[in-house]
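Here is the structure we will look at, set down as structure tokens.
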Amino acid sequence: MTSSPGESEDDSVRSVSDTMSNRNIRVAVVGNVDAGKSTLIGTLTTTVLDDGRGKSRSFITRLIHEIETGRTSSVSSHLLGFKSNGSTVANEHEGSATTTANCRIKQKTEHEIAQEADRVVTLMDLAGHEKYLKTTIRGVSMGMADYALILVNSRQPPTHMTRHHLNLCCVFGIPTIVVLTKVDGCPSHAKRNTKLEMSNMLRSPEIGKRPYVVRNERDVDTVKDKLHTLAPFVEVSSVTGEGLDVLRNLLFSLPKRRHHQVRIISQE
């Protein structure tokens, strides 16, 4: 939704407000400390692949102790903008536009993203460590999330925090999408065991969802309107880029569930 040359400042403000209110999907991103949440968000929003050491998270991390430890302790939001054809609103790159190693990024402001986008996804980066569980609970309960991405490190079995996050989303009625991260170089037996344990969690009586592996556009069309019964599985790597286009396509295709502007008005 790029402004035309003759568009007034008031029109621009109204178009940004309309995009953020009516064409904005809010997605909570949860998962254990080693699942790569901030790295994935940094890779999605900058379109630059990670260097394998979490460099992508430096594009979105602001607190010094979070940069030093690699652990998110707060709640932060990051915009992923989409054009009408599903392509992302890209930042400006200097150097290689595919890897963080030799790339400097001039990041767009949220206003610029909303101004250029026909649709936006607000990715809410939530803490994964048990120490900050109360912060995560507050973020999920007050964040008006339409959906949740539950990130699971494919190289390890789901943890008790994974179960906490899954139950939390279920309690608040938030449809979930399971993202298996770090699939690059992951032993096949490890990934298979992780998927099996995660599938068993989803099929449990308290969750009652059927896992569905999403690999292509046809799978996206199958699941996008059925998240009340299905739990999509997407396998990704922030290093090689595997699965990222599928995940972006799924995020772009998800229907809006909540009317954020109604809640905002009612709270004034």
With respect to ARG192, is the statement that it is under 14 Å from GLY31 (Cβ atoms), open to solvent by 10 Å² or more (accessible area, probe 1.4 Å) and of a type in the set (Lys, Arg) true? no
Count of segment 133-142 residues which are open to solvent by 10 Å² or more (accessible area, probe 1.4 Å) and either closer than 12 Å to GLY31 by Cα or assigned to a loop (DSSP other than H, G, I, E, B) (or both): 1
Enumeration of residues in segment 173-199 that are of a type outside the set (S, T, N, Q) and more than 18 Å from the chain's Cα centre (by Cα): ASP184, GLY185, CYS186, PRO187, HIS189, ALA190, LYS191, ARG192, LYS195, LEU196, GLU197, MET198
Does GLY31 satisfy being within 14 Å of the chain's Cα centre (by Cα), modelled with pLDDT of 80 or more and on the phi > 0 side of the Ramachandran plot? yes
Of all residues in segment 187-218, which are under 19 Å from GLU242 (Cα atoms) and touching a residue at least 12 places away in the same chain (Cβ under 8 Å)? PRO187, ALA190, LYS191, THR194, LYS195, TYR212, VAL213, VAL214, ARG215, ASN216, GLU217
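Tell me, which residue of segment 220-234 that is among the charged types (D, E, K, R) and under 18 Å from ASN85 (Cα atoms) is least open to solvent (accessible area, probe 1.4 Å)?
LYS224
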Checking LEU251 against (1) farther than 22 Å from THR39 by Cα; (2) open to solvent by less than 40 Å² (accessible area, probe 1.4 Å): exactly one of these is not met. Which one? (1)
Checking ARG155 against (1) surrounded by 14 or more Cβ atoms within 10 Å (Cβ to Cβ); (2) assigned to a helix (DSSP H, G or I); (3) more than 19 Å from the chain's Cα centre (by Cα): exactly one of these is not met. Which one? (2)
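The values are calculated or read from the model by the stated rules, or taken from the named source; none is laboratory data. These numbers come from a predicted model, not from an experiment. Cβ coordinates were reconstructed from backbone atoms using ideal geometry, including for glycine residues, and neighbour counts include every protein chain displayed. Surface areas here come from the heavy atoms of the whole protein model, side chains and all, with no ligands, DNA or RNA. Shrake-Rupley method; radii C 1.70, N 1.55, O 1.52, S 1.80 Å.
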